[in-house]
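J.: I'd like to ask you about the structure that follows.
The values are calculated or read from the model by the stated rules, or taken from the named source; none is laboratory data. Computed from a predicted model, the values in this text were never measured in an experiment. Backbone-built Cβ (ideal geometry, glycine too); neighbour counts: all protein chains shown.
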Amino acid sequence: MTDMNDNRLSSAKQLETLRKTILSKRDAEKPIITVCTGTACQAYGSLEIYRRFVEELERQGVEGSVLETKSTGCHGFCEQGPVVVIFPREICYVRVQLDDVPEIVSTTVAGGDVIERLVYRDPNTQEAIPKESDIPFYKRQMRLVFGNNRYIDPREIDDYIALGGYAALSKALLRMTPGEVLEEIKESNLRGRGGGGFPAGLKWETTRDASTGSKYVIVNCDEGDPGAYMDRSIMEGNPHAVLEGLVIGAYAIGSHDGFVYVRQEYPIAYENTMNAIDQARDYGLLGSDILGSGFDFEVVVHRGAGAFVSGESTALMSAIEGKVGEPRMKYIRTAVSGVKGMPTCLNNVETWANVPLIIERGAGWFKSIGTEGSKGTKIFSLVGKVNNTGLVEVPMGMTLRQLIYDIGGGIPQGKKFKAVQTGGPSGGVLPEQYLDTPIDFDELTGLGSMMGSGGMVVMDEDTCMVDTARYFVSFCCDESCGQCIPCREGLRTLRDILTDICEGKGKGGDIEAIEDIAEVMEDASLCALGGTAANPVLTTLKYFRDEYEAHIKENRCPAEACKALTSYYVDPAKCSACMICLRACPTEAIHGEKGIVHWIDQEKCIKCNTCYEVCPTRFSAVRRLSGEPLPPPPAPGTKVTREKKR
Amino acid sequence: MRTMKAAVSRAQTKGSTRASRAVKKTVGRYNADPDMLIQILLDLQTTLGWLSPGVLADVSEQLGVPVSRVYHIASFYKAFSLVPRGRHIIKVCMGTACQVRGAPQLVNVIASMLNMKPGETSEDRRFTLETVNCLGCCAMGPVIAVDGVYHSKPTTEDLRSIFKGAR
Amino acid sequence: MTITLQIDGKEVKAESGVTVLEAARQAGVHIPTLCEHDRLMPYGVCRICCVEVEKKGRKRIVVSCGYPVENGLVVTTRSPRIDRIRKVLIELVAPTAMADGLLAGEMKKIATEYGADIHRFESRFTGKPIRCILCGKCVRYCDEVVGKQAIGFVGRGVDRRAVFFPEQARACLTCEACFNLCPTGKIAADTDFVVFDGFSVDDYSSGEL
């Protein structure tokens, strides 16, 4: 039966004709309003903002002058969301509110003027920077993979094609042999972006050579490192880039069946992927005889169900077989024996997204970026105690200092940098003396941490490193599948020891026990979850042993963070009885009235830190005490002694 | 006897027509492919709100998969609930970035306000409070999601009004 | 095809496809195990049988029950590193494995041989004394040999349990194969065939376990 779908492209020429047709309908001079509607900006209400733009343009009668209002995936500048960028002038408005929309339409879109108060302001110089590419956060990035997010509505394949999408696929399938494609990826030295850093070309080759029968390729979008959301933003914002890479890889390997495994906590990524697959199939870019090349490829999407361990490759493959997603003892590579015993090549989202670029521009171009051992760029989620939190893409080799300070804008509220945690629960902390380390797979591993999937959590003087270790160990303990003794019992015991230490119940011999257990876990665990779960403990012990000792020997938390070791106290000499903390306290633990000094009822205090944060800086009356005795509360009715400032 | 009670309730839920219909429909949508067991359970969890023993037995039968495997999957993953849940699901993100920005304190505040512990469903079945590992909006941390709606850095006042509105 | 490898300094010949554990046994070298059984597929979760293997100058710790023999492989079954692993593993699992403060059978032997202090982590233990090390011999035997799947795993991590499924377990009355397999003796001691009280999937679902 003939295929009634006349959208199918069956040659390179047809693809190019389609591209030209799409572009001809777009006038490069007319403004496009892009509204970031990545998950985080959506949580800020950006979908409503997008809809309001559409309404407002019509209401003000200016819609004819605007080419399009586009809702795009994540731009990366998450701290400043909701973000709206108006092209071609690249006017970037940040922290846009719903009520700003009418003014933006009348002043900027219709009137051509910039609204000063919505423009990004440099926190140090207060300089207003209206143009997106001038903003330091963006300027120092190299957004090869991520940059297209802001030009694409991920639900519109035509947007991707307009930018040149699927040209690499066309080149690979129609002008290169599978062997040539594989050689190009090998030559590029592309290393896995999911954490392992294994050379992708080698993995492809092993899979290809394993047999001549069925083979599988898999996109691992089970991104589970807490604090990392790069893969989510790519899968949500530009699913076609990943699909294109996957088909190219399948062609090189000789696979006709692929899977995309998306964690269920990413519903928008799942929907956008499903939609992208439908649209690609409609254009004949998936399915049988892709672009008339004779190459067939089908892809099925699986959702995860809430287990970090299922992102481990053998576990993920089990889940795809409809079995529990827990790891298996594996001494034969999954590239040789994976899903249903067939050779399977699993790569991370970002790895696949790099493939079209490499095919398009060549391995030589890719190798010109990065360091000797780590080529290309890497997307990081720069989060925690840093001014410009968000997703950043930088060339390998940029230093941690440049990333955190030049792009990240440094530590908020003038606090002191303490450490940066890289690589998620498998990684480690790096203190100040390593800030000038270039970001490179081997450099980071050499220091006891690892690149991991790209999570980069900045910590300041208020972060307790023992608590940080406890947090990661608890996370892994929660997520352990529980099959093997070293991980299941080792993590439980480590968690309990660390919790005791944070509660002032640490004992002599604890640090030795921690080291014993950590080393056995590293040696004997069944999979990398157990095998690397002790890294945060070992690195915090290595670089911040003094904090552990303070907790154990002095019952003191140097960062004043561990609740059991910290008390909140209102200094009667500084309190001006303004009632702010009293009202903010969620458990009504603060007593006092206007003119009467406030005091905290320790029985009710849950150490939430709210009073400390809300007490006006000019009073700074709330103190955190750790390792020292708590003064008794003031006598009832004690009046304020501070002089009121005029 | 706990097991007797459970056996009786199992017999009752197996009879639930709505649940049986949902299982049949969902399994059919995936062509009764046992590889899609996890996907089928995800859809049923969304439709039915929880996975009863009757539902699990039905899935096992219709897919030709041992009931032990169905139970292992249903009990392994956070997405599934083997017991009925509250009308409003509160998820507090405990990802690293939120952690560093005070998520544990936030959990305490909420637990205090609603008089419940994380992982629990309130007596009146109004709320289920859960901690989750990273919702992926780290710049907004600390983040909570109530019935799928995200709230960034909620103050005590914000929380009071959110919970008041959730009946 | 015959493979030649070295185990504890001794040259050993083995059939291609056998595991290091099997080759060691054939050569008279004892390696302790807890989750291994000759009628079951290797599972590799107790990690007690781990050994050090060296290949092309690279050393690794692997579990011998699952690692296939290779030509030129150099295997060490006892060393300070290996001994420490076995000792600490017993110490870690002791609180969940004990009954009345004692370890049974094979575990007791390993604890003695490796000088494990089975009470080392007792005071810190916050879990439940389930008298189970989750070796899975019961689950796997019922699945692979008996074909009934009357007992299975539920849960995850420290909440992982082996439970009976009452409807499928009707067949257990005349079987009892898993009773002798259990390294802690729990199944023989705790199983009541009428209601599987305290051991059934319903107890798990109601939060009892």
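J.: Which ones in the range A:210-229 are more than 24 Å from A:Ala162 (Cβ to Cβ), not small (Gly, Ala, Ser) and not in a loop (DSSP other than H, G, I, E, B)?
T.: A:Tyr216, A:Val217, A:Ile218, A:Asn220, A:Cys221
J.: For the list (1) more than 14 Å from chain B (Cβ to nearest Cβ); (2) not in a helix (DSSP H, G or I), I need the number of the one condition that A:Asp100 fails.
T.: (2)
J.: Please go through the range A:215-246 and pick out each residue that is farther than 30 Å from A:Met459 by Cβ and away from chain B (no Cβ under 14 Å).
T.: Within the range A:215-246, A:Lys215, A:Val217, A:Val219, A:Asn238, A:Pro239, A:His240, A:Ala241, A:Val242, A:Leu243, A:Glu244, A:Gly245, A:Leu246 meet the criteria.
J.: Follow-up. Of the conditions (1) of a type in the set (D, E, K, R); (2) within 14 Å of chain C (Cβ to nearest Cβ); (3) surrounded by fewer than 24 Cβ atoms within 10 Å (Cβ to Cβ), A:Glu489 fails just one. Which one is it?
T.: (3)
J.: Follow-up question, since we're still on this one. Look at A:Gly292 and say whether it is in contact with a Pro (Cβ under 6 Å, 6 or more places away or on another chain) and either within 11 Å of chain B (Cβ to nearest Cβ) or surrounded by fewer than 19 Cβ atoms within 10 Å (Cβ to Cβ) (or both).
T.: Spelling it out, it is not the case that A:Gly292 is in contact with a Pro (Cβ under 6 Å, 6 or more places away or on another chain) and either within 11 Å of chain B (Cβ to nearest Cβ) or surrounded by fewer than 19 Cβ atoms within 10 Å (Cβ to Cβ) (or both).
J.: Here are some residues: A:Leu538, A:Leu526. Which one is in a helix (DSSP H, G or I) and either away from chain C (no Cβ under 14 Å) or crowded, with 19+ Cβ neighbours inside 10 Å (or both)?
T.: After applying the criteria, what remains is A:Leu538.
J.: Moving to a separate point now. Restricting the range A:294-348 to residues that are in a strand (DSSP E or B) and free of Cβ contacts under 8 Å to residues at least 60 places away in the same chain, which is nearest to A:Glu265 (Cα to Cα)?
T.: A:Arg303
J.: Moving on. One residue is enough: does the range B:120-132 have a residue meeting the conditions in a loop (DSSP other than H, G, I, E, B), surrounded by fewer than 19 Cβ atoms within 10 Å (Cβ to Cβ), more than 14 Å from chain A (Cβ to nearest Cβ) and touching a residue at least 40 places away in the same chain (Cβ under 8 Å)?
T.: yes
J.: Name the residues in the range A:319-351 that are small (Gly, Ala, Ser), crowded, with 19+ Cβ neighbours inside 10 Å and either within 13 Å of another protein chain (Cβ to nearest Cβ) or over 21 Å from C:Met41 (Cα atoms) (or both), would you?
T.: A:Ala319, A:Gly322, A:Gly325, A:Ala335, listed by residue number.
J.: If you don't mind, another one. Considering only residues of the range A:249-268 that are touching a residue at least 12 places away in the same chain (Cβ under 8 Å) and in a helix (DSSP H, G or I), which is surrounded by the fewest Cβ atoms within 10 Å (Cβ to Cβ)?
T.: So, considering only residues that are touching a residue at least 12 places away in the same chain (Cβ under 8 Å) and in a helix (DSSP H, G or I), the one surrounded by the fewest Cβ atoms within 10 Å (Cβ to Cβ) is A:Ile268.
J.: Residues that are within 8 Å of another protein chain (Cβ to nearest Cβ) and closer than 20 Å to B:Ser60 by Cβ, at least 3 per element: which helices (runs of 4 or more DSSP H) completely within the range C:101-209 meet that?
T.: Answer list for the range C:101-209: C:201-205.
J.: Something else now. Consider the range A:405-421. How many of its residues are surrounded by 24 or more Cβ atoms within 10 Å (Cβ to Cβ) and either in contact with a Gly (Cβ under 7 Å, 6 or more places away or on another chain) or among the hydroxyl-bearing types (Ser, Thr, Tyr) (or both)?
T.: Within the range A:405-421, residues that are surrounded by 24 or more Cβ atoms within 10 Å (Cβ to Cβ) and either in contact with a Gly (Cβ under 7 Å, 6 or more places away or on another chain) or among the hydroxyl-bearing types (Ser, Thr, Tyr) (or both) number 1.
J.: Please tell me if A:Thr125 is β-branched (Val, Ile, Thr), at pLDDT below 95, surrounded by fewer than 22 Cβ atoms within 10 Å (Cβ to Cβ) and touching an Asp or Glu at 6+ places or on another chain (Cβ under 8 Å).
T.: no
J.: Cβ-Cβ below 6 Å, separation at least six or inter-chain, first residue in the range A:231-244 and in the same structural domain as A:Glu298 (by TED's automatic domain parsing), second among the aromatic types (Phe, Trp, Tyr) and part of a helix (DSSP H, G or I): which pairs?
T.: Here the result reads A:His240/A:Tyr160; A:Val242/A:Trp352, each pair linking the range A:231-244 to a residue that is among the aromatic types (Phe, Trp, Tyr) and part of a helix (DSSP H, G or I).
J.: Can you tell me which condition A:Cys477 does not meet? The list is (1) of a type outside the set (A, V, I, L, M); (2) farther than 25 Å from C:Leu34 by Cα; (3) in a helix (DSSP H, G or I), and all the others hold.
T.: Going through the list (1) of a type outside the set (A, V, I, L, M); (2) farther than 25 Å from C:Leu34 by Cα; (3) in a helix (DSSP H, G or I), A:Cys477 breaks only (2).
J.: Which of the residues that make up the range A:435-472 are closer than 13 Å to A:Thr539 by Cα, out of contact with any strand residue (DSSP E or B) (no Cβ under 8 Å at 6 or more places or on another chain) and more than 10 Å from chain B (Cβ to nearest Cβ)?
T.: Of everything in the range A:435-472, those that are closer than 13 Å to A:Thr539 by Cα, out of contact with any strand residue (DSSP E or B) (no Cβ under 8 Å at 6 or more places or on another chain) and more than 10 Å from chain B (Cβ to nearest Cβ) turn out to be A:Thr445, A:Gly446, A:Val466, A:Ala469, A:Arg470.
J.: Could you tell me whether any residue of the range A:492-503 is buried (at least 21 other Cβ atoms within 10 Å of the Cβ), away from chain C (no Cβ under 12 Å) and part of a helix (DSSP H, G or I)?
T.: yes
Let's see how each residue does on (1) outside the structural domain of A:Ala241 (by TED's automatic domain parsing); (2) hydroxyl-bearing (Ser, Thr, Tyr):
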{"residue": "A:Cys345", "(1), (2)": "no, no"}
{"residue": "A:Ala353", "(1), (2)": "no, no"}
{"residue": "A:Leu357", "(1), (2)": "no, no"}
{"residue": "A:Val386", "(1), (2)": "yes, no"}
{"residue": "A:Gly390", "(1), (2)": "yes, no"}
{"residue": "A:Ile407", "(1), (2)": "yes, no"}
{"residue": "A:Phe417", "(1), (2)": "yes, no"}
{"residue": "A:Gln421", "(1), (2)": "yes, no"}
{"residue": "A:Thr437", "(1), (2)": "yes, yes"}
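J.: Just to verify a result, which residue in the range B:72-109, among those that are in a loop (DSSP other than H, G, I, E, B), more than 7 Å from chain A (Cβ to nearest Cβ) and not aliphatic (A, V, I, L, M), is nearest to the chain's Cα centre (by Cα)?
T.: Selected residue: B:Ser81.
J.: Any idea how many residues of the range A:422-468 are over 20 Å from the mean Cα position of the chain (by Cα), more than 20 Å from A:Gly373 (Cα to Cα) and crowded, with 19+ Cβ neighbours inside 10 Å?
T.: Residues that pass the stated criteria total 5.
J.: Filter the range C:1-23 down to the residues that are part of a loop (DSSP other than H, G, I, E, B) and among the hydrophobic types (A, V, I, L, M, F, W, C) and list them by number.
T.: Those that are part of a loop (DSSP other than H, G, I, E, B) and among the hydrophobic types (A, V, I, L, M, F, W, C): C:Met1, C:Val18.
J.: From A:Val62, A:Val35, A:Val66, which residue is more than 29 Å from the chain's Cα centre (by Cα) and crowded, with 17+ Cβ neighbours inside 10 Å?
T.: A:Val66 is the lone residue from the list that is more than 29 Å from the chain's Cα centre (by Cα) and crowded, with 17+ Cβ neighbours inside 10 Å.
J.: Sort out which residues of the range C:1-44 are among the basic types (Lys, Arg) and either closer than 30 Å to C:Ile133 by Cβ or free of Cβ contacts under 8 Å to residues at least 12 places away in the same chain (or both), and write them in order of number.
T.: C:Lys13, C:Arg25, C:Arg39
J.: Looking at B:Gln45, B:Gln39, which one is within 28 Å of C:Gly136 (Cβ to Cβ), in a helix (DSSP H, G or I), touching a His at 6+ places or on another chain (Cβ under 9 Å) and more than 14 Å from chain C (Cβ to nearest Cβ)?
T.: Answer to the selection: B:Gln39.
J.: Being out of contact with any Gly (no Cβ under 8 Å at 6 or more places or on another chain), among the aliphatic types (A, V, I, L, M) and part of a helix (DSSP H, G or I) is the filter; apply it to the range A:269-293 and report the residue that is nearest to B:Val132 (Cα to Cα).
T.: Within the range A:269-293, the match that is nearest to B:Val132 (Cα to Cα) is A:Ala269.
J.: Still on this structure, I have one more. Does the range C:79-100 include one or more residues that are surrounded by fewer than 16 Cβ atoms within 10 Å (Cβ to Cβ) and either under 27 Å from C:Glu208 (Cβ atoms) or in contact with a Leu (Cβ under 6 Å, 6 or more places away or on another chain) (or both)?
T.: Within the range C:79-100, one or more residues are surrounded by fewer than 16 Cβ atoms within 10 Å (Cβ to Cβ) and either under 27 Å from C:Glu208 (Cβ atoms) or in contact with a Leu (Cβ under 6 Å, 6 or more places away or on another chain) (or both).
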